[in-house]
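The values are calculated or read from the model by the stated rules, or taken from the named source; none is laboratory data. In this text the structure is predicted, and so the values were computed from the model without any measurement. Don't worry about glycine lacking a Cβ; one is built from the backbone with ideal geometry, like all the others, and counts go over all protein chains shown.
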Number of protein chains: 2
Amino acid sequence: MRIGELAETTGASVRSLRYYEQQGLLQSQRSGGGQREYATEAVERVQLIRCYLRSGLPTRVIAEFMPCLHSGTTTAAQRELLTVERERLAAQIAELTELSERMDWMIDQAELRAEPARQADGAAA
Amino acid sequence: MRIGELAETTGASVRSLRYYEQQGLLQSQRSGGGQREYATEAVERVQLIRCYLRSGLPTRVIAEFMPCLHSGTTTAAQRELLTVERERLAAQIAELTELSERMDWMIDQAELRAEPARQADGAAA
DNA sequence: CTTGCAGCTGACACTGATGTCAGGTCCTAC
DNA sequence: GTAGGACCTGACATCAGTGTCAGCTGCAAG
């Protein structure tokens with residue numbers, strides 16, 4: 001598959017795909033005149049990359065443990081990094097969960113404050 | 001409280017606090033010669049702002065529903081925004097949770113691959 | 001062979017939150 | 001009143017990911 005198709009199926013821009021490769025997150029074969037050729041696994045790989053990016057990991061860090069996915073061995077440093085990032089992720093999830101609850105509360109409040117007259121009507125808003 | 005103290009208690013930099021104000025996230029009284037004066041509630045406010053920022057909300061969006069917190073009323077647009085962002089947050093939490101699980105798996109794999117010889121020893125690694 | 005779309009590289013721009021510096025002002029302690 | 005630290009504004013820098021443009025090349029269809 002060429003870069004345009006990969007971009008379309010993953011939702012990443014062509015620009016981003018080249019950037020991921022430049023940062024060592026993604027590999028490609030070059031076919032003949034230098035055009036990138038991707039295996040079908042690349043789709044999943046790109047989705048994973050974007051997931052990590054959305055989670056706040058910089059490409060530099062992602063690049064460090066990406067090798068785990070295809071090489072058979074891992075170094076102590078990689079395992080350490082994975083563990084640290086997993087912790088970070090857990091903390092982030094906890095924080096977002098708390099924030100989500102706070103937003104629920106804010107939404108409740110907001111609805112109460114929407115039409116003050118309704119409060120006397122009853123709870124059937 | 002002045003800006004230095006607020007910065008110290010919240011962990012935000014003085015620079016960031018001024019930026020939050022500039023973006024409409026934070027208010028301050030100006031005392032005499034133009035120095036910012038914060039009420040004690042500002043501490044909580046700043047923590048909330050930073051929490052939202054960490055969750056990926058841009059200041060522009062935060063600024064839109066910040067008024068809910070102190071004005072007594074909310075507009076339909078604000079409630080809509082809150083709901084949309086809560087959804088976004090929920091989706092983000094789900095995604096991070098999945099990613100976290102995937103990392104757990106990666107860590108397991110990584111440990112297995114660490115010293116291949118150990119695999120024959122048994123599960124007590 | 002030509003046409004034209006897709007791809008290539010390289011460079012510059014942008015956004016958003018923050019750092020940092022310069023030059024000036026406030027305010028507290030002496 | 002003066003020294004010095006905290007604060008002010010404004011500007012420029014940084015980082016990461018991405019957009020975008022220019023100029024060139026690959027490749028498939030006619």
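With respect to residue A:27, determine if the residue is at pLDDT 90 or above and over 29 Å from residue B:87 (Cα atoms).
On the way: at pLDDT 90 or above: yes; over 29 Å from residue B:87 (Cα atoms): yes.
Answer is yes for this residue.
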Which numbered condition trips up residue A:57, out of (1) away from every other protein chain (no Cβ under 14 Å); (2) part of a loop (DSSP other than H, G, I, E, B); (3) aliphatic (A, V, I, L, M); (4) away from DNA strand C (no atom under 12 Å from the Cβ)?
(1)
When residues of the stretch A:1-46 are filtered for being surrounded by fewer than 16 Cβ atoms within 10 Å (Cβ to Cβ) and assigned to a strand (DSSP E or B), how many remain?
5
Residues located in the stretch A:1-26, provided they are among the β-branched types (Val, Ile, Thr) and either more than 12 Å from DNA strand C (Cβ to nearest atom) or outside the structural domain of residue A:65 (by TED's automatic domain parsing) (or both)
A:10
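Each row is one residue, and each column tells you yes or no for (1) touching a helix residue (DSSP H, G or I) at 6+ places or on another chain (Cβ under 7 Å); (2) part of a helix (DSSP H, G or I); (3) at pLDDT below 90; (4) within 7 Å of chain B (Cβ to nearest Cβ).
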residue: A:48; (1), (2), (3), (4): no, yes, no, no
residue: A:78; (1), (2), (3), (4): yes, yes, yes, yes
residue: A:108; (1), (2), (3), (4): no, yes, yes, no
residue: A:116; (1), (2), (3), (4): no, no, yes, no
residue: A:119; (1), (2), (3), (4): yes, yes, yes, no
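Determine, yes or no, whether residue B:82 is without any contact (Cβ under 8 Å) to a residue 60 or more places away in the chain, under 30 Å from residue A:111 (Cβ atoms), within 9 Å of DNA strand C (Cβ to nearest atom) and not in a loop (DSSP other than H, G, I, E, B).
On the way: without any contact (Cβ under 8 Å) to a residue 60 or more places away in the chain: yes; under 30 Å from residue A:111 (Cβ atoms): yes; within 9 Å of DNA strand C (Cβ to nearest atom): no; not in a loop (DSSP other than H, G, I, E, B): yes.
Criteria not met by residue B:82.
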Selection status of residue A:112, within 13 Å of the chain's Cα centre (by Cα) and of a type outside the set (Asp, Glu):
no
